[in-house]
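The values are calculated or read from the model by the stated rules, or taken from the named source; none is laboratory data. On a predicted model such as this, the values are computed, not experimentally measured, just so you know. FYI the Cβ positions are ideal-geometry reconstructions off the backbone, even for glycines, and counts take in every protein chain you see. For the accessible areas, the whole protein counts, side chains as well, though only heavy atoms, and no ligand, DNA or RNA atoms are used. Shrake-Rupley method; radii C 1.70, N 1.55, O 1.52, S 1.80 Å.
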Amino acid sequence: MVNTKVDLLGITLDNPVIPASGTFGYGYEFAELYDINCLGTFSFKGTTRTARFGNPTPRIAECTSGMINAVGLQNPGVETVIKEELPKLKKVFHKPVMANVSGFSVEDYAYTCELLDKEEQVGWLEVNVSCPNVHGGGMSFGTDPKAAAEVTSAVKSVTKKPVIMKLSPNVTDIVAIARACEEAGADGISLINTLLGMRIDLRTGRPVIANTVGGFSGPAIFPVALQMVYRVSKAVSVPVVGMGGVSSAEDVIEMMMAGASAVEVGAANLTDPFASKRIVEALPAAMEKYGIASLAEIVGRAH
Amino acid sequence: MKQSTLTIIENAPLAKNVFRMRLAGEAGENRPGQFVNIALPRLFLRRPISVCDYENGVLTLIYKTVGRGTGAMSLMPAGEKLDVLCGLGNGYDLGAAGQSPALIGGGVGVPPLYYLAKELIKKGKDVSVVLGFNSAEEVFYEEEFRALGCGVAVTTADGSHGVRGFVTNALPKNASYYYACGPMPMLKALASWELPGEMSFEERMGCGFGACMGCSMMTKNGAKRVCREGPVFKREELLW
Ligand SMILES: Cc1cc2nc3c(=O)[nH]c(=O)nc-3n(C[C@H](O)[C@H](O)[C@H](O)COP(=O)(O)OP(=O)(O)OC[C@H]3O[C@@H](n4cnc5c(N)ncnc54)[C@H](O)[C@@H]3O)c2cc1C
Ligand SMILES: Cc1cc2nc3c(=O)[nH]c(=O)nc-3n(C[C@H](O)[C@H](O)[C@H](O)COP(=O)(O)O)c2cc1C
Ligand code: FES
């Protein structure tokens, strides 16, 4: 019998597989399809202080082995998430959930996290710093070590739950951002968010995405993500959650060998609604194939 | 929703750049106005196609070849298997039809109306359909709708078949309700028709089952997902 259990900041996961934010809604679309309690946990849709419709459509474009999305953080706002989405989720998911939070100012982040801190169902806060900083000239919080650190301290001061800072790969030195978050008190780091990308419709000569550019993800980005997880996990001492292009149990093992303590699965859930479940089910056989008795032991094996 | 492996039993041209594919297998429940989402080799995203008919376990789809996905579909031989998510979306509200519903379709918006017409006729309704195309070589299913017992009017933009012009030039009088599916300009033109009705929309989709928020549309009742609360929306919900 192989052991798929891993620890993520004091909470034991039955396995390291975590559907990524924005690809799993608030869980119950998938709960209609399978028992989502088979997952380690999942990260719910990026939640903001107030409700957002998001970007105009088209928001989706196809790429070779991947996709671009420019959803623009459509969500009902943190109060509605707490009042409506979490109670619905409670009926179908009995494990701590990862709360993914976004904001456009430091106060936004703190406000949203403070409310979610009171929710028993929330196990971790995953703080996405890839949104533009409206008070800082529109540059994303995640592209400036100082701004990322500021968000980290603000969030840490309003919550006792473990804070995982989710980093954008669209930077020159992701290691510097990760270190800044760690120094500011982050309990963990997750990466990568989507890579900036674009497509043009040859028939019209216009960008496919209404917003011109969007976030590129899917199997095509796996090597880019793996490299970043490897470098960041070597540079920081807090746990790292790895993601980007993961679509099989082998990918999960590779991410963990690169240094991830747990692994998120994003776009794969969209093209195959059963992807995360299939990965969970395939893990034991894949572990046996590579002579792995316990997944916890392989974290950072490649270092 | 059901994920199924279906076998192609027929795949043949029907009109200019338009093909009909028939699939057999365990496709679950598929109502008029719902769609399926098809995984295709070497393409990342699935392709959404409306259910044109579903009878005796055979699913009929009619699609136009516009790009890589539908192009690849048109080359698939009978016997090939496809991974298909079935029974997606809300479907038409058959209960709203009244006695003499009008079904208005433009181009590849016509296919879902066939299944709808069939079910409405089973309920004893007097169904009239208006089918709009660009030209005679693109016309399909005129006879099939007649064979169901519908009153059929066809329009072509260039006048090469039926009434010259658009579907709005051939709308039936005294209809009790309407169901429409077609390109945006057609739906917009119909918005001014003083009749209760519902329309089917298209949007680029990431998942097709409500998980990604890729297909959202703003309505009078807030944001809706075309793939989940849609693709069919009541006329009075729509913002133009
Ligand atoms: C609910 C629904 C029902 C549909 N029913 C039918 C039908 O019965 N018959 C039919 O011929 N077509 C139908 N379409 C349109 C059909 O999905 C597109 O023509 C098809 O996806 C094009 O794929 P492609 O690879 O050939 O084109 P490409 O342009 O190469 O596709 C690139 C990407 O854009 C997407 N895309 C392109 N055009 C559309 C479009 N009009 N709507 C949504 N996504 C698009 C593709 O899915 C793909 O992700 C429907 C669309 C929706 C949303
Ligand atoms: C449709 C879509 C929506 C997303 N929304 C969010 C979000 O709200 N918050 C967030 O932190 N990441 C979001 N992401 C990024 C994913 O969580 C993940 O970091 C990224 O897609 C890389 O993983 P993948 O290659 O497995 O998709 C989204 C991704 C997709 C495809
Ligand atoms: S296509 Fe994903 S929610 Fe509609």
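Of note:
- Inter-label distance for B:ILE121 and B:ALA96, nm, one decimal - labels placed 7 Å from Cα along Cα-to-Cβ: 2.3 nm
- GNM on chain A, alpha-carbon springs under 10 angstrom: the most fluctuating residue among A:GLY218, A:GLY72, A:GLY136 is A:GLY136.
- 1.4 Å probe, heavy atoms, protein only - residues of segment A:265-292 losing at least 40 Å² accessible area vs chain alone: A:LEU270, A:THR271, A:PRO273
- In the assembled protein chains, A:THR143 presents an accessible area of approximately 40 Å² (probe radius 1.4 Å).
- Of the solvent-accessible surface of segment A:1-147, computed with a 1.4 Å probe over protein heavy atoms with every protein chain present, carbon and sulfur atoms account for 53 percent.
- Given B:LYS123/B:LYS234; A:LYS83/A:LYS160; A:LYS45/A:LYS166; A:LYS88/B:LYS234; A:LYS95/A:LYS277; A:LYS118/A:LYS156, the pairs whose alpha carbons are separated by over 23 Å: A:LYS88/B:LYS234
- Maximal additional length on extending the B:TRP193-B:THR7 stretch stands at 62.8 nm, based on 0.36 nm per residue less the C-alpha distance.
- With all protein chains modelled, accessible area of A:TYR290 [1.4 Å, Å²]: 110 Å²
- Toward the positive end of the charge dipole of chain B, with +1 on the Cβ of Lys and Arg and -1 on the Cβ of Asp and Glu, the farthest Cα among B:PRO172, B:VAL154, B:MET21 is that of B:MET21.
- With the convex hull drawn around the C-alpha atoms of chain A, the volume per residue stands at 122 Å³.
- When accessible surface is computed with a 1.4 Å probe, chains B and A are found to bury approximately 2400 Å² between them, both chains counted.
- A loss of 50 Å² or more of accessible area (1.4 Å probe, protein heavy atoms, ligands and nucleic acids excluded) relative to the isolated chain is seen in these residues of segment A:32-63: A:PHE53, A:THR57, A:ILE60, A:GLU62.
- D (Stokes-Einstein, µm²/s), Kirkwood Cα radius, the protein assembly as shown, 1.002 mPa s at 20 °C: 87 µm²/s
- Residue-span extension gain [A:ALA296 to A:VAL175] - 0.36 nm each, minus C-alpha spacing: 41.2 nm
- Accessible surface computed residue by residue for the protein assembly as shown, with neighbouring protein chains in place and a 1.4 Å probe, gives 39 Å² per residue.
- Within the protein assembly as shown: Cβ-based charge dipole about Cα centre, in debye rounded to nearest 20 (Lys, Arg +1; Asp, Glu -1): 620 debye
- Interface residues in segment A:8-30 - accessible area drops by 30 Å² or more relative to the isolated chain, probe 1.4 Å: A:GLU29
- Among the protein heavy atoms, those of B:ARG146 account for about 100 Å² of accessible surface (1.4 Å probe, every chain in place).
- Percent carbon-and-sulfur accessible area, segment B:2-88, ignoring ligands, DNA and RNA, probe 1.4 Å: 50 percent
- Rounded to the nearest 20, the Cβ-based charge dipole of chain A about its Cα centre (Lys and Arg +1, Asp and Glu -1) stands at 340 debye.
- Antiparallel bridges, percent of DSSP beta bridges restricted to chain B (to nearest 5): 65 percent
- 3J(HN,Hα) from dihedral phi, segment B:6-23, Karplus parametrisation 6.51/-1.76/1.60, rounded to Hz, x for glycine, proline: 10, 9, 5, 10, 7, 7, 8, x, 10, 7, 4, 6, 10, 10, 10, 10, 10, 10
- Among beta bridges that DSSP assigns inside segment A:48-144, antiparallel share in %, nearest 5: 55 percent
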